[in-house]
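All remarks here apply to the structure that follows.
The values are calculated or read from the model by the stated rules, or taken from the named source; none is laboratory data. From a predicted model like this one, the values you see are computed outputs, not experimental measurements. Neighbour counts are summed over all protein chains in view; Cβ atoms, including those assigned to glycine, are modelled from backbone coordinates with ideal geometry. These accessible areas exclude ligands, DNA and RNA; they are computed on the full protein's heavy atoms, side chains included. Shrake-Rupley method; radii C 1.70, N 1.55, O 1.52, S 1.80 Å.
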Amino acid sequence: MNLAKFPRRRYTAGPTPIERMPRFSEALGGPHVYIKRDDLLGLTGGGNKTRKLEFLVADALAQGADTLITCGGIQSNHCRLTLAAAVKEGLKCWLVLSEPSPGAYRPDGNGNIFLYHLLGAERIKIVPDEVDWPTELDAAATEAVAAGHRPYVIPMGGSNAVGALGYVACATEIMGQCFDHGLSMDRIVVAGGSAGTLAGTLLGLEVLHLDVPVTAISVLHPHEQLLADIERISAETAAHLGVDVQVRPDAVTCYDAYIGPGYGQPTQEMIEAVKLLARTEGILLDPTYTGKAMAGLIDLARQGVIRPEENVLFLHTGGEPSLYAATHLFADASAGGRVW
Ligand SMILES: Cc1ncc(COP(=O)(O)O)c(C=O)c1O
């Protein structure tokens with residue numbers, strides 16, 4: 001495997017740390033939980049999309065593009081980070097955002113919505129939830145060409161063969177860090193949305209012959225669909241990389257029990273997970289992805305599926321800005337914060 005043959009921009013100075021979480025692990029009564037701080041990646045409030053964008057934006061620049069076009073929900077971390085990369089590269093950025101119900105997008109909204117405006121998105125189009133994304137993105141690209149731009153379209157979540165290279169690279173980073181620190185992981189826990197993060201990570205682990213099982217906590221699709229998406233994107237990424245490797249279906253276990261009522265809708269377990277990590281380690285999760293993924297880790301540990309003696313690596317994929325659009329969920333003063 002030769003990742004160096006692909007054009008890449010660098011948005012983070014070095015590897016993100018792997019940290020022990022002793023107080024969180026103790027509160028759980030085991031396992032030994034470590035955290036890969038991809039929430040500290042570069043760009044504006046970094047997260048997993050930063051790694052994908054290093055390869056996607058480099059590809060866009062190599063193709064002579066001057067406008068990045070992408071899509072997501074109204075609180076999309078992917079859209080924020082694509083816009084941040086565009087700002088950094090001097091490109092324009094058009095965003096197509098789907099709102100869960102009419103009027104849910106308010107231009108004076110908080111979290112990522114605030115940041116789309118602060119970072120100066122050229123264009124924001126609001127569409128209903130049930131649109132066909134490829135059609136919407138094609139239409140935006142056609143419009144951009146008609147306006148004299150050279151667009152580069154990034155699919156939902158940056159989850160294609162180019163974007164997933166970012167997480168193949170992350171797997172090599174994790175392997176090097178574990179080796180350097182004498183750490184042997186028994187499991188990696190990751191949130192799953194559009195599946196590019198999982199596909200890239202799993203492919204990287206497979207290429208490296210690193211036999212660490214992955215636990216995928218879906219926040220969007222039923223487990224069968226998440227697995228199918230992982231298989232499709234990892235196969236496309238392997239072809240793009242030129243490696244004759246397949247992700248084994250038994251390398252990953254996908255859970256959909258922590259989605260709750262739906263994508264982006266809060267669960268009590270997510271709220272507890274966000275609070276527990278904040279109050280034991282001072283690390284923030286987000287309500288849509290990492291909060292639910294951590295709720296899954298906590299529940300699987302309580303059920304004994306994750307055993308107390310295991311070393312578990314939680315991949316923190318970022319998303320902190322959306323927490324500030326959900327402060328009402330965490331408003332109780334049950335553990336301090338009283339004014340005296
Ligand atoms: C914070 C965060 N974590 C996890 C994910 C899921 O990553 P993927 O879409 O690659 O499955 C996303 C996707 O937007 C995200 O913003």
Filtered residues of segment 244-283 (kept if open to solvent by 60 Å² or more (accessible area, probe 1.4 Å), closer than 25 Å to residue 74 by Cα and of a type in the set (Ser, Thr, Tyr)) | 263
Give the number of residues within segment 1-60 that are over 19 Å from the mean Cα position of the chain (by Cα), basic (Lys, Arg) and assigned to a strand (DSSP E or B).
-> 1
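Out of curiosity, is residue 84 open to solvent by less than 10 Å² (accessible area, probe 1.4 Å), closer than 23 Å to residue 168 by Cα and in contact (Cβ under 8 Å) with a residue 60 or more places away in the chain? Break it down stepwise before answering.
Numbers: open to solvent by less than 10 Å² (accessible area, probe 1.4 Å): yes; closer than 23 Å to residue 168 by Cα: yes; in contact (Cβ under 8 Å) with a residue 60 or more places away in the chain: no.
Spelling it out, it is not the case that residue 84 is open to solvent by less than 10 Å² (accessible area, probe 1.4 Å), closer than 23 Å to residue 168 by Cα and in contact (Cβ under 8 Å) with a residue 60 or more places away in the chain.
Which ones in segment 184-197 are within 16 Å of the chain's Cα centre (by Cα) and over 12 Å from residue 169 (Cα atoms)? Spell out how you get there, then give the answer.
To start, the set of residues in segment 184-197 that are within 16 Å of the chain's Cα centre (by Cα) comprises 188-197.
Scanning segment 184-197 gives 188, 189, 190, 191, 192, 193, 194, 195, 196.
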Candidate set: segment 146-156, residues that are under 18 Å from the mean Cα position of the chain (by Cα) and open to solvent by 30 Å² or more (accessible area, probe 1.4 Å); chosen: the one nearest to the ligand (Cβ to nearest atom) | 156
Could you grab me the full set of residues in segment 57-81 that are among the β-branched types (Val, Ile, Thr) and either outside the structural domain of residue 122 (by TED's automatic domain parsing) or open to solvent by 10 Å² or more (accessible area, probe 1.4 Å) (or both)?
-> 74
Do we have any residue at all in segment 327-335 that's in a loop (DSSP other than H, G, I, E, B), within 14 Å of the ligand (Cβ to nearest atom), out of contact with any Leu (no Cβ under 6 Å at 6 or more places or on another chain) and touching a residue at least 60 places away in the same chain (Cβ under 8 Å)?
-> no
Output the qualifying pairs, or none if there are none: Cβ atoms under 8 angstrom, residues six or more apart or on different chains, first residue in segment 125-149 and farther than 13 Å from residue 96 by Cβ, second residue at pLDDT 95 or above.
-> 145/151; 149/66; 149/67; 149/92
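Quick grid of which residues meet (1) acidic (Asp, Glu); (2) under 15 Å from residue 165 (Cα atoms):
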| site | (1), (2) |
| --- | --- |
| 16 | no, no |
| 19 | yes, no |
| 29 | no, no |
| 49 | no, yes |
| 61 | no, no |
| 73 | no, no |
Being in contact (Cβ under 8 Å) with a residue 12 or more places away in the chain and of a type in the set (Ser, Thr, Tyr) is the filter; apply it to segment 1-56 and report the residue that is surrounded by the most Cβ atoms within 10 Å (Cβ to Cβ).
-> 50
